[in-house]
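Below is one structure, written out as structure tokens; comments come after it.
The values are calculated or read from the model by the stated rules, or taken from the named source; none is laboratory data. Being a predicted model, the structure only gives us computed values, none of them experimental. Neighbour counts run over all protein chains shown; Cβ positions are idealised from the backbone, glycine included.
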Amino acid sequence: MKLFKCQHCGQLLYFENTLCERCSHRLGYLPEPNALSALELEGDAWRALGAPDRTYRFCANAAYDACNWLVPADGPDAYCLACRHNRTVPDLSQEQNLLPWRKLEIAKHRLFYTLLRLNLPIETRNENPEGLIFDFLADQPAPNAPKGPERPEGDDRP
């Protein structure tokens, strides 16, 4: 995985970073130029210092702290190139689903980083019936499952 540098201060950055630790610039990933870019707010959008010719907004999954990829501010897509491939995600209103889903998203974004670098096809199912699609499911608790840790018989502590 490539290491990046903040375009504002030169700080070393990692692929999943969302904030520069040195200068506190917000960061976003641009898949086409393969750049993790420092951002500056411009109205309701962001100007990427690594690609200042247009404005961007974050993927809708950034609201769940699950994605740091950018989409063109004037484009029709709410989801980034990687997140558009999600058909099913777990119920994110259930707190126990959020952290595992974030971990899956990190792995999926690394996969898409590699697919892009290798110039492999990344069509969605909407674009091609055989395109990539992801169904991230959550285990449903059993209806008669204990609500907390089980205690040995005779343990009546509160």
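Overview of results
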{"item": "Residues (of a type in the set (Gly, Ala, Ser), surrounded by fewer than 22 Cβ atoms within 10 Å (Cβ to Cβ) and in a strand (DSSP E or B)) located in region 13-44", "result": "Ala35"}
{"item": "Residue in region 134-152 that is at negative phi, modelled with pLDDT of 90 or more and loosely packed, with under 12 Cβ neighbours inside 10 Å present", "result": "yes"}
{"item": "Pairs, first over 30 Å from Asp91 (Cα atoms) in region 40-65, second among the aromatic types (Phe, Trp, Tyr), C-beta under 8 Å, six or more apart", "result": "Glu40/Trp46; Arg47/Tyr56; Ala48/Tyr56; Thr55/Trp46"}
{"item": "Qualifying residue in region 72-79 (condition: in contact with a Cys (Cβ under 6 Å, 6 or more places away or on another chain) and either touching a residue at least 40 places away in the same chain (Cβ under 8 Å) or not small (Gly, Ala, Ser) (or both))", "result": "yes"}
{"item": "Checklist (1) surrounded by 21 or more Cβ atoms within 10 Å (Cβ to Cβ); (2) under 16 Å from Leu104 (Cα atoms) applied to Tyr56, failing item", "result": "(2)"}
{"item": "Any pair with Cβ under 9 angstrom, 6 or more apart, that starts in region 101-121 at a residue that is under 17 Å from Gly28 (Cα atoms) and touching a residue at least 12 places away in the same chain (Cβ under 8 Å) and ends at one that is part of a helix (DSSP H, G or I) and among the polar types (S, T, N, Q)", "result": "Glu105/Asn61"}
